[in-house]
1. Inspect the range 131-145 for any residue being open to solvent by less than 10 Å² (accessible area, probe 1.4 Å), among the aliphatic types (A, V, I, L, M) and touching a residue at least 12 places away in the same chain (Cβ under 8 Å) and give the result as yes or no.
2. Can you tell me which residue within the range 199-212, out of those that are closer than 19 Å to ILE502 by Cα, of a type in the set (A, V, I, L, M) and under 22 Å from the mean Cα position of the chain (by Cα), is surrounded by the fewest Cβ atoms within 10 Å (Cβ to Cβ)?
3. Please find, within the range 287-329, the residue that is modelled with the lowest pLDDT out of those that are farther than 30 Å from VAL78 by Cβ and in a loop (DSSP other than H, G, I, E, B).
4. Name the single residue that is surrounded by the fewest Cβ atoms within 10 Å (Cβ to Cβ) among those in the range 425-463 being among the aromatic types (Phe, Trp, Tyr) and under 18 Å from the mean Cα position of the chain (by Cα).
5. Show the residue pairs meeting these rules: Cβ distance below 6 Å; 6+ apart or different chains; first residue within the range 378-402 and within 23 Å of ALA281 (Cβ to Cβ) and among the small types (Gly, Ala, Ser); second residue open to solvent by 10 Å² or more (accessible area, probe 1.4 Å) and part of a helix (DSSP H, G or I).
6. Given the criterion buried (at least 23 other Cβ atoms within 10 Å of the Cβ) and small (Gly, Ala, Ser), identify the matching residue among GLY314, GLY347, GLY292, GLY306.
7. Do you know which of the residues in the range 396-424 that are among the polar types (S, T, N, Q) and at pLDDT 90 or above is most open to solvent (accessible area, probe 1.4 Å)?
8. Read through the list (1) open to solvent by less than 30 Å² (accessible area, probe 1.4 Å); (2) more than 30 Å from LEU91 (Cβ to Cβ), then give the number of the only condition that TRP331 fails.
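The values are calculated or read from the model by the stated rules, or taken from the named source; none is laboratory data. None of these values were measured; they are calculated from a predicted model. Counting neighbours? That spans all protein chains shown, and the Cβs are built from the backbone with ideal geometry, glycine included. The accessibility values were calculated without ligands, DNA or RNA, using every heavy atom of the protein model including side chains. Shrake-Rupley method; radii C 1.70, N 1.55, O 1.52, S 1.80 Å.
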Amino acid sequence: MDNDNLTKNSDDEIPKKPAKAKPKLGVVFWTSSTIILAAAIVAMLIPARFQVASESVYGWISNYFSWFFMLAVFGFGVFLIFLALSPYGRLKLGGDRSKPEFSFRSWIGMLFSAGLGVGLVFFGVAEPMSHYMISPFTGGPVEDEDAAKMAMGYSFFHWGISQWSIFGVAGLAIGYSQYRKQKNGLVSTSLEPLFGSEYNQRARKAIDVLAVIATVTGMATSVGLGIMQMDGGLNIAFGTPSGALTQIILTSLMTGLFILSTTTGLKRGIKWLSNLNMILAAVITIFVMAVGPFTFIMESIIVGLGDYLSNYVGYSLRMQPYSGEVWVQEWTVFYWAWVIAWSPFIGSFVARVSKGRTIREYVLGILIVPPMLSFLWIGALGGTALYSDLFNGTNIGELVLENDTAALFALFDQLPMTALFSALAILLIFTFLVTSADSATFIVAGMTSGNTESPDIRLKIIWGVLLGLLTVTLIIAGGLTSLQAASLLAGLPFGIILILMIVSVSKSMRREPNTSMTRRQKKGQR
């Protein structure tokens with residue numbers, strides 16, 4: 001029997017309370033929705049000024065707070081690894097006898113699909129080729145073997161443990177509070193062990209409003225990247241006109257399909273699409289490895305993994321104060337801010353699908369499996385693109401510098417069955433977008449209604465429409481710059497919240513009775 005059907009298997013959890021009447025929308029909903037709607041309207045009415053403002057915000061935050069993002073994210077990884085290796089790793093996100101609600105395969109599929117699948121498709125070729133053409137280090141190698149090695153290693157760093165440790169911290173604090181302590185799944189509630197169960201209501205509302213705004217802006221960044229890439233891909237592969245009209249149509253189609261998906265619920269809609277994403281990604285990866293330079297790809301993955309592991313600490317704490325360069329701000333800091341902006345959503349979502357798993361299983365699952373799948377994708381597609389430029393004299397790198405949305409499709413131009421796999425890639429981006437939007441609005445609807453287990457469908461639709469509107473206006477107002485500025489602006493304050501969440505969950509775990517962390521004795525032992 002599939003574990004997906006095991007929903008009532010904990011004999012030590014508090015019985016479910018009778019269903020309550022639908023809660024009235026309060027301060028969190030009206031404040032966050034008003035701010036997001038106002039931002040979208042401003043971007044639509046004065047796009048040029050909005051773009052200038054976005055560039056100013058992006059420059060100010062990246063100049064003065066890059067050190068914060070770098071130090072915080074490194075600390076998140078250290079904290080989670082410590083938990084996994086400590087006795088606290090035996091605690092469960094649920095009662096001591098609870099079991100996982102979803103099978104391992106479905107669990108991994110939902111983690112991978114919800115957590116930046118769109119970004120990985122966008123940057124899988126674009127990032128290593130960008131680093132190959134422009135070195136991460138001043139005076140570093142470009143367009144040669146050393147440049148290719150460094151490009152792969154740095155790409156692995158950006159899509160590895162550090163990124164998933166951000167999701168892991170948010171999910172741990174929320175899941176521990178919601179499923180072990182039997183409270184709601186709000187970010188503000190996860191801070192109760194730190195501030196007390198009766199801490200200031202205005203502070204609670206402000207924290208939840210910030211979580212909602214961070215989630216929607218982070219999601220808008222990902223949807224924007226995906227829409228821009230689909231727009232570019234359709235133009236390159238099939239000659240479809242590129243521009244604002246196509247992007248608006250694609251966003252509208254995504255929103256419509258998301259609404260259809262969200263009406264089927266978590267276990268059918270999101271789960272089915274997540275599994276479809278995994279199948280499509282696997283088909284594309286296997287095809288590229290089969291028709292591409294297989295030996296080169298595998299050796300590139302091994303070399304890239306070695307470069308990543310040997311430079312993990314150095315890359316994690318790297319800044320450029322002496323040279324005045326901004327490469328770290330443009331790449332690493334943007335990534336960390338973007339992921340932090342996503343973390344309320346991904347944290348709530350991974351907590352929801354990880355119910356019943358031990359902290360050790362949870363940490364090892366999110367820090368090993370999704371990163372390894374990411375490395376395989378980057379190694380296959382990015383490695384093939386590097387091989388093509390190094391040994392076949394192609395110009396994929398130059399095309400990426402001109403238009404990074406064309407990176408994936410420039411690679412397919414060098415492979416057989418170009419049209420077919422370009423279409424599959426566009427379909428993959430689209431299903432990733434729908435899955436992510438479905439998951440995000442599920443969480444945001446819960447945050448703004450207080451019902452994090454089964455939020456009202458109408459509320460999810462409202463947030464889906466707001467998300468689509470914000471995405472379109474950000475793209476029109478400034479493209480990637482506006483999207484990056486939105487992530488930085490939301491990521492900075494929520495990074496502080498994540499640190500408070502670590503302190504809070506640590507304090508709560510220290511209060512666990514010793515019996516919760518005693519080693520299981522082998523049969524026959526006393």
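1. no
2. Ranking the qualifying residues of the range 199-212, first place goes to LEU210.
3. GLY292
4. Applying the filter and picking the extreme gives PHE430.
5. So the pair list comes out as GLY379/SER300; GLY379/ILE301; ALA380/THR285; ALA380/MET289; GLY383/SER300.
6. Going through GLY314, GLY347, GLY292, GLY306 in turn, the sole match is GLY347.
7. Result: GLN414.
8. (1)
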